[in-house]
Amino acid sequence: MPDMTAAPEFRPAVLVTGGATRIGAAIITRFAAAGWHCVIHYRDSAAEAEALAATLPSAETIGFDLTNDEGAVAAVTALAARLPGWRCLVNSASVFDYDGVTELDPATNRAAMQVNALAPARIAQAFIAHTARGSGVRSVINVTDMKIANTNPDFFSYTMSKHALAATIGMFAKGFTDPDVRAYGIAPGAILASHDQREEETEISHRLNLLRRKTGADEIAEAALFLAGGALASGQTLFIDSGQHLMDQPRDVIWLARENAKGAIA
């Protein structure tokens, strides 16, 4: 357990993009409970970020827009200079907008590739380049999606971008020769309500996995904390999805659940 009395700049620190809400907030909360100084990134959720930070023993917020990767890199570089204890970056923020395999929308694709792949890669490079060497493991954790193994035609551009993000993990693992640098992935399944789901559809979709159980955001957070310790060889991805990635699902579970719900009503 880190020294809870240490000043923030000397505690092990983690930056979680999209850390103000949803899975990002769960990750922040778990690291905080383990004694880390938590940097909560936001774009439009400043109020939520500040509210979350106020509940934690050692936390701060940072705002930047992943659609501007130059600005994001500058923010990360400045943070590294100010926090010598920064040891982990979790790329959790993403956009999740619909287009289909026969109807790629160029604007949707550009946004997905920018926010979900390009910006995370660039800030990971900045994190590794500018954080302190020789003082322990430094981990980049990319939150991808179980779709990288169980692919379907829905959310075409989003899925493309997550495949691109997943590809960076192995490349970082081989390309960064510092033995204390780790690159990891976490591939979640259906965790929270998404897109335009209704409550009854969410309950169905979250159990469309081999174990027929709901996977919790707390499980993603626990996996992130484990990976941050550097116990696994660089380049590995953990699937936290109750076995969903081992299935062959023809469509996104949003539509599979919707069809099941309609069948139940009929």
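The values are calculated or read from the model by the stated rules, or taken from the named source; none is laboratory data. Small disclaimer: the values here were computed from a predicted structure and weren't measured. Here the Cβ positions follow ideal geometry from the backbone for every residue, glycine too, while neighbour counts run over all protein chains shown. Side chains included, ligands, DNA and RNA excluded: accessible areas come from the protein's heavy atoms. Shrake-Rupley method; radii C 1.70, N 1.55, O 1.52, S 1.80 Å.
Of all residues in the stretch 45-66, none that is within 21 Å of Trp86 (Cβ to Cβ) and modelled with pLDDT under 95 has its Cβ atom under 7 Å from the Cβ atom of a residue that is open to solvent by less than 30 Å² (accessible area, probe 1.4 Å) and assigned to a helix (DSSP H, G or I), 6 or more apart or on another chain. Remark: pairs (first residue in the stretch 82-104, closer than 17 Å to Ala223 by Cα; second residue part of a loop (DSSP other than H, G, I, E, B) and of a type in the set (A, V, I, L, M); Cβ separation under 8 Å; 6+ apart in sequence or on different chains) = Arg87/Val137; Ala93/Leu66.
Within the stretch 168-197, restricting attention to residues that are farther than 13 Å from Val140 by Cα, out of contact with any helix residue (DSSP H, G or I) (no Cβ under 8 Å at 6 or more places or on another chain) and not charged (D, E, K, R), the residue that is modelled with the lowest pLDDT is Thr177. Exactly one residue among Ala93, Ala111 is open to solvent by 10 Å² or more (accessible area, probe 1.4 Å) and touching a Lys or Arg at 6+ places or on another chain (Cβ under 8 Å), and that residue is Ala93.
Look at the stretch 35-62 and say how many of its residues are of a type in the set (Gly, Ala, Ser) and surrounded by fewer than 15 Cβ atoms within 10 Å (Cβ to Cβ).
Here is the first cut: in the stretch 35-62, the ones of a type in the set (Gly, Ala, Ser) are 35, 45-47, 49, 51, 53-54, 58-59.
Restricting the remaining residues to those that are surrounded by fewer than 15 Cβ atoms within 10 Å (Cβ to Cβ) gives 46-47, 51, 54.
Total meeting the criteria: 4.
Of all the residues in the stretch 149-158, those that are touching an Asp or Glu at 6+ places or on another chain (Cβ under 8 Å) and either open to solvent by less than 10 Å² (accessible area, probe 1.4 Å) or in contact (Cβ under 8 Å) with a residue 60 or more places away in the chain (or both) number 6.
A quick yes/no check of all residues on (1) over 27 Å from Leu15 (Cβ atoms); (2) aliphatic (A, V, I, L, M); (3) surrounded by fewer than 16 Cβ atoms within 10 Å (Cβ to Cβ):
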{"position": "Asp218", "(1), (2), (3)": "no, no, yes"}
{"position": "Ala224", "(1), (2), (3)": "no, yes, no"}
{"position": "Leu227", "(1), (2), (3)": "no, yes, no"}
{"position": "Gly230", "(1), (2), (3)": "no, no, no"}
{"position": "Gln236", "(1), (2), (3)": "no, no, yes"}
{"position": "Gly243", "(1), (2), (3)": "yes, no, no"}
{"position": "Leu256", "(1), (2), (3)": "yes, yes, no"}
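Output yes when any residue across the stretch 131-148 is assigned to a loop (DSSP other than H, G, I, E, B), buried (at least 16 other Cβ atoms within 10 Å of the Cβ), at pLDDT 95 or above and not polar (S, T, N, Q), and no when none is. Yes, the stretch 131-148 contains a residue that is assigned to a loop (DSSP other than H, G, I, E, B), buried (at least 16 other Cβ atoms within 10 Å of the Cβ), at pLDDT 95 or above and not polar (S, T, N, Q). Here Val76 meets the list (1) touching a residue at least 60 places away in the same chain (Cβ under 8 Å); (2) open to solvent by 60 Å² or more (accessible area, probe 1.4 Å); (3) of a type outside the set (Asp, Glu) almost entirely, failing just condition (2).
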